[in-house]
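Have a look at the structure below, then the notes.
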Amino acid sequence: HCLAVRAVCRREIDCDRGNGFSWKITLLRNYWKSKVKQEWLSGKYSNIPSQHSLPEKSMYPMDVDTWGEILEAELER
């Protein structure tokens with residue numbers, strides 16, 4: 001699980017590890033974020049007609065750099 005989360009959230013994982021968090025805490029802090037981020041990056045929500053069509057678990061608090069990654073992925077599609 002740790003490697004899968006790191007594949008999607010490398011910056012976040014490296015930051016948490018650099019701040020002294022254990023792998024267990026780092027995984028707990030980033031697991032759901034990595035799932036939601038991967039869905040956005042894969043284009044799952046590319047053709048959603050409105051915000052009301054988004055599934056309940058499609059959002060998660062993400063920083064500006066993460067949204068930048070998602071928007072760049074959208075522009076490349």
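On a per residue basis, the chain carries 71 Å² of accessible surface, using protein heavy atoms and a 1.4 Å probe.
In terms of its C-alpha gyration tensor, the stretch 34-77 comes out oblate, because a/c is 1.5 or above while a/b does not outweigh b/c. Taking the 1.4 Å solvent-accessible surface of the chain as the whole, the part contributed by carbon and sulfur is 57%.
The solvent-accessible area of Ser53, taken with every protein chain present and a 1.4 Å probe, is close to 60 Å². Residue ranking by accessible heavy-atom surface, 1.4 Å probe, largest first, among Leu54, Leu75 comes out as Leu75, Leu54. Accessible area per residue (1.4 Å probe, heavy atoms of protein chains only) ranks Ser50, Ser58, Ser42 as Ser42, Ser50, Ser58, with the largest value leading. Taking a span of 30 Å or more along the helix axis (Cα atoms) and a mean Kyte-Doolittle hydropathy of at least 0.0 as the rule, no DSSP H helix of the chain qualifies.
For the stretch 33-77, the relative contact order works out to 53 percent when only alpha carbon pairs closer than 8 Å and six or more residues apart are counted. In a reduced charge model with +1 at each Lys and Arg Cβ and -1 at each Asp and Glu Cβ, the stretch 10-77 shows a dipole moment near 360 debye about its Cα centre. Pairs of Lys residues in the chain, spaced 8 or more positions apart or belonging to different chains, with C-alpha separations under 12 angstrom: 4 in total. Extents of the chain, largest first, come to 42, 25, 20 Å (Cα atoms, principal axes, whole angstrom).
Rolling a 1.4 Å probe over the protein chains gives Asp16 an accessible area of about 10 Å².
The values are calculated or read from the model by the stated rules, or taken from the named source; none is laboratory data. Please read all numbers here as calculations on a predicted model, not as lab measurements. Note: ideal-geometry Cβ built from the backbone for every residue, glycine included; neighbour counts use all protein chains shown. For the accessible areas, the whole protein counts, side chains as well, though only heavy atoms, and no ligand, DNA or RNA atoms are used. Shrake-Rupley method; radii C 1.70, N 1.55, O 1.52, S 1.80 Å.
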